[in-house]
1. Quick one: what pairs do we get from the stretch 148-162, first residue closer than 19 Å to residue 103 by Cβ, second part of a helix (DSSP H, G or I) and open to solvent by 50 Å² or more (accessible area, probe 1.4 Å), C-beta under 7 Å, 6+ apart or different chains?
2. At negative phi, among the acidic types (Asp, Glu) and open to solvent by less than 30 Å² (accessible area, probe 1.4 Å) - does that describe any residue in the stretch 62-70?
3. Sort out for me the helices (runs of 4 or more DSSP H) sitting completely within the stretch 58-148 that have 2 or more residues that are farther than 18 Å from residue 26 by Cβ and at pLDDT 95 or above.
4. Scan (1) crowded, with 20+ Cβ neighbours inside 10 Å; (2) modelled with pLDDT of 95 or more; (3) more than 21 Å from residue 20 (Cβ to Cβ) for the single condition residue 151 breaks and write down its number.
5. Just need a number here: residues in the stretch 62-75 that are under 22 Å from the mean Cα position of the chain (by Cα) and not hydrophobic (A, V, I, L, M, F, W, C).
6. For residues in the stretch 154-163 being part of a helix (DSSP H, G or I) and open to solvent by 30 Å² or more (accessible area, probe 1.4 Å), which is nearest to residue 55 (Cα to Cα)?
Amino acid sequence: MTKLRGLLKASHFGPTLIVTSISFGFALYYWWEGPAYIIAVGVFFGQLVVGFTNDLNDFADDKKHRRIEKPLVAGTITEKQLRKGIWVALVLAIVINLFGPLGIKGGLIYLFGIGCGVSYNFYLKATPLSPLPYFLAFAALPASIVVATNRTPPLWLLAAGALLGVAAHFANVIKDLKED
């Protein structure tokens, strides 16, 4: 049970739940309840990948700043367990998103968003380009759901998602600004 709690904490569970819930709402609007649940589960596993890779990449810095609320620093989970969690979540995200209701087109768009999140974690976090992955990923999420229905996403929806992503980025980094 402790390991599960540690993995949930490493997933950044609050933001993961928010993004999953928003995706469920979009899916309900464009689909019906059955596919909406599957889409939300696929998004959930994608968000786990992003959260887990963030904690893995931040481990040395979290240890340096004595962030004992972080599961790796606290010893609630090990790096090996977190790496295993990343691989399990990644495989499930790929399978559910490509072979579920989103299909190949929508699934690839959503997987692009996951890739943006991972690229932020490992490459762009400490650069002036750090808002870009959020901008792209938050636009990709609603786009993946709309494209899967053989429609073109409205520009306002992409812009709203992108701007929400940039706002989420700044809300996320502001708390660590002093330490980082």
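The values are calculated or read from the model by the stated rules, or taken from the named source; none is laboratory data. Just so it is clear, the structure is predicted and the values come from calculations on it, not from any experiment. Because the Cβ atoms are built from the backbone with ideal geometry, glycine has one as well, and the counts that use them run over all protein chains shown. Just so you know, the surface numbers come from the protein's heavy atoms only, side chains and all, with ligands and any DNA or RNA stripped out. Shrake-Rupley method; radii C 1.70, N 1.55, O 1.52, S 1.80 Å.
1. 148/105
2. Yes, that holds for at least one residue.
3. Per the criteria, 79-99, 103-119, 131-147.
4. (1)
5. Final tally of qualifying residues: 5.
6. 163
This table checks each residue for (1) within 17 Å of residue 122 (Cβ to Cβ); (2) without any contact (Cβ under 8 Å) to a residue 60 or more places away in the chain; (3) surrounded by fewer than 17 Cβ atoms within 10 Å (Cβ to Cβ).
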site	(1), (2), (3)
3	no, no, yes
15	no, no, yes
46	yes, no, no
78	no, yes, yes
85	yes, no, no
91	no, yes, yes
